[in-house]
Every structure is written in C-alpha cells, then in structure tokens.
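Notes follow once the structure below has been shown.
The values are calculated or read from the model by the stated rules, or taken from the named source; none is laboratory data. Just so it is clear, the model here is predicted, and its values are computed rather than measured. So basically every Cβ, Gly included, is an ideal-geometry build from the backbone, and we count neighbours across all protein chains shown.
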Amino acid sequence: MTKKVDGCVHLVFKNEQVVNVFTHLSKLPKNGVVHLKGDKIYTIEEFKKSHPRDHHELKKHKEKVNITEF
C-alpha cells in the first residue's frame with residue numbers, strides 16, 4: 001500500500017548541473033522509495049521571493065544532498 005508524503009524537494013541548478021538538493025519532507029519511510037514528481041520551475045529570483053526562509057539553499061555546500069524534516 002502506498003502512503004502520501006508531505007513537503008517538497010528543491011533541486012538547485014547552475015549551468016545545467018545540480019549543485020544542491022534539499023528535502024523538506026515528512027513521513028519518510030524507514031525502508032522504501034519516495035517517488036517525486038516536479039511541478040514547478042523557478043528562476044533564482046522567483047525562488048527567493050516565494051521561499052524567503054530558504055535562501056541558504058542557493059549557496060554552495062559541502063554536501064550536495066541535505067535531508068531535513070518537514
């Protein structure tokens with residue numbers, strides 16, 4: 001039986017390359033697969049305006065994938 005997951009995932013691209021991946025998801029499985037479908041593409045400026053608390057995601061980080069609880 002499949003379950004719903006709340007939250008979102010942000011993939012940050014620069015020069016057509018993924019430079020950061022941030023997850024803000026809840027109800028993650030102990031074991032399993034979370035299938036995600038993209039529904040929006042933002043310019044950097046649009047992202048800044050629509051996600052004012054997530055500006056840190058646009059900076060380069062040591063880790064490419066950052067998993068957080070929603």
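Numbers below:
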{"item": "Those residues of the range 27-59 which are part of a loop (DSSP other than H, G, I, E, B) and aliphatic (A, V, I, L, M), in sequence order", "result": "28, 33, 34, 36, 41"}
{"item": "Contacts under 7 angstrom Cβ, first residue in the range 3-31 being without any contact (Cβ under 8 Å) to a residue 60 or more places away in the chain, partner of a type in the set (S, T, N, Q) and assigned to a loop (DSSP other than H, G, I, E, B), 6 or more apart", "result": "5/26"}
{"item": "Residue within the range 1-9 that is part of a strand (DSSP E or B) and either exposed (fewer than 12 other Cβ atoms within 10 Å of the Cβ) or modelled with pLDDT under 85 (or both) present", "result": "no"}
{"item": "In the range 11-26, residue nearest to residue 54 (Cα to Cα) [restricted to those that are touching a Gly at 6+ places or on another chain (Cβ under 6 Å) and part of a strand (DSSP E or B)]", "result": "24"}
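Residues checked against (1) exposed (fewer than 13 other Cβ atoms within 10 Å of the Cβ); (2) at pLDDT below 85:
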| position | (1), (2) |
| --- | --- |
| 12 | no, no |
| 26 | yes, no |
| 33 | yes, no |
| 49 | yes, no |
| 65 | yes, yes |
